[in-house]
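Asks: Following this message is one structure expressed as structure tokens.
No lab work stands behind these numbers, since they all come straight from the coordinates. Keep in mind that what you see is a predicted model, and the values were worked out from it rather than measured. Here the Cβ positions follow ideal geometry from the backbone for every residue, glycine too, while neighbour counts run over all protein chains shown.
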Amino acid sequence: MKSPLALVTLLLLAVVATLFGTAQAACGPNARCPADASNYLLPHPDCTQYFLCNQGTACEQSCPPGQHFNAYHRQCEAPETACCDIFVPCNPTA
């Protein structure tokens, strides 16, 4: 039988691997990405994500936890100011 310390250690390792994993973002050609642009951001169908475009290739990126991508400002921010999700009341900023 494993000791409680060993179980806690395994749990912590699993959490760290999840938070700091080395998983690659899904990338591929995207017609909406300008061929001559780099670090160009586009909205994703999932409000918590966006596309980072470089020379016509888009890579999926995630907003920090609790934030949504604002297509107008091209940045992640609070859901109520991002106005991405139709089920979240929208109070946009200028």
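Asks: Go ahead and run the numbers for FRET between E80 and E60, Cβ-Cβ distance against an R0 of 22 Å, rounding to 0.05.
Replies: Rounded to the nearest 0.05, the efficiency is 0.40.
Asks: What's the extension gain from L42 to H73 if we count 0.36 nm per residue and subtract their Cα-Cα distance?
Replies: 10.1 nm
Asks: Highest mean first, what order results for 72-79, 61-68 on Cβ atoms within 10 Å?
Replies: Sorting 72-79, 61-68 by mean packing, highest first, produces 72-79, 61-68.
Asks: What fraction, in whole percent, of alpha-carbon pairs in the range 25-93 exceed 20 Å separation?
Replies: Tail of the P(r) past 20 Å holds 27 percent of the pairs.
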